1. Go through segment 311-321 and report how many residues are within 21 Å of G78 (Cα to Cα) and either crowded, with 18+ Cβ neighbours inside 10 Å or modelled with pLDDT of 90 or more (or both).
2. Those residues that are assigned to a loop (DSSP other than H, G, I, E, B) and either without any contact (Cβ under 8 Å) to a residue 40 or more places away in the chain or closer than 27 Å to A259 by Cα (or both), I need them from segment 99-120; list them, please.
3. Regarding L96, is this residue at pLDDT 90 or above, in contact with a strand residue (DSSP E or B) (Cβ under 8 Å, 6 or more places away or on another chain), assigned to a helix (DSSP H, G or I) and among the aliphatic types (A, V, I, L, M)?
4. Among the residues of segment 281-300, is any surrounded by fewer than 18 Cβ atoms within 10 Å (Cβ to Cβ) and outside any loop (DSSP other than H, G, I, E, B)?
5. Within segment 6-55, can you find the residues that are touching a strand residue (DSSP E or B) at 6+ places or on another chain (Cβ under 9 Å), more than 18 Å from M320 (Cβ to Cβ) and of a type in the set (A, V, I, L, M)?
6. What do you reckon, is I83 under 24 Å from the mean Cα position of the chain (by Cα), of a type outside the set (D, E, K, R) and over 21 Å from R306 (Cβ atoms)?
7. Pick from S159, S131: which is closer than 22 Å to F284 by Cβ, part of a loop (DSSP other than H, G, I, E, B) and over 18 Å from the mean Cα position of the chain (by Cα)?
8. So, of the residues in segment 175-221 that are part of a helix (DSSP H, G or I) and among the charged types (D, E, K, R), which turns out to be nearest to S290 (Cα to Cα)?
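The values are calculated or read from the model by the stated rules, or taken from the named source; none is laboratory data. Owing to the predicted nature of the structure, the values given are computational and were not obtained by experimental measurement. Here the Cβ positions follow ideal geometry from the backbone for every residue, glycine too, while neighbour counts run over all protein chains shown.
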Amino acid sequence: MLACTPGERVTLTKNKNYWQKGLPYLDGIQVLFSRDGQAMIASLEGGASDFVNYPLASEAIRLSKDPKYQMQAIYDVGSHYAIWMNVAVPPLNNKLVRQALNFAIDRQRFITTALGGLVGGPMNLPWPTYSPAYEANKNNTYPFDLDKARSLLAAAGVSNFDVVVNYVTTGEVAEFATMAQIYQADLAKIGVTANIQPLDNATWTDAAVKAMYKGIAIGHPGGFGAQDGTSGLQTGALGIANTFTNFKDDDYTQTVKAAATELDTAKRKQLYSRINDIILDSCFTMPLCSLLQVSVSTSKVHGIVRERSGGGLNLTSTWMD
């Protein structure tokens, strides 16, 4: 049974006729909605709640050191943080410039600073390790290298330009802001002035789906956890539909379509490898690292499960002291 107060809370009551005998263990749960991360943590520490979903990584790590609390964290979930480009905006229409900007991303600093080192290593490609499109040997094609970035800008004949960096002010805002600030500081070292402009959700959605933002965006594309490696390549920041980036490439489009319909495993693997090469060469979207799916509960809560693909919560076997 479900009871709802829009924008405030949802109360779920145990289904006594659930198809798995004896489950769920809990008689019910009440889900409270909040846009204030600090208020959620205060509620947990004050005893008003027993579980917080998606706290800041720093808060989750802090609380996990206290025996009264425990952290549930998972990554490699088929979603990732990324920087993508509107390739219709000069000089981002120059592939060498985009490659330079890829070398200027300090992914490891972002992982350590914003995510507490909880998401594994840097990523240059969007795939989790269990995806058929995953290629470990290509996943560090763009290490942080400002000298290489400078040389590529010189080869492109481009220097001292301004670029706008957008991110949306909902979701993982703190993480987006941290990445924007890290990137801004490093771009300045190679003569690129990054102007950070956060956008409200409605403005950003309109700008993103129409690829009308002015340069660079930070976000987290998803849909890469399925066994079909092309599932995340239809729309969005890496999609052949050209939304978000204005990137158009017949080879990329046809290769994605071919991989989506190829039944032979070995041939499909070859097509995935070609897709990866195009992503790495074109740099229209640049993965950073896996998305972190994290929660914190009091120590009296047991059996919280986060699913491998997507990182979603499964509370079927959750119980409390």
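1. 1
2. Within segment 99-120, just G117 meets the criteria.
3. no
4. yes
5. Residues satisfying the conditions are V10, M40, I41.
6. yes
7. Of the residues listed, the single one that is closer than 22 Å to F284 by Cβ, part of a loop (DSSP other than H, G, I, E, B) and over 18 Å from the mean Cα position of the chain (by Cα) is S159.
8. By that ranking, first place goes to E175.
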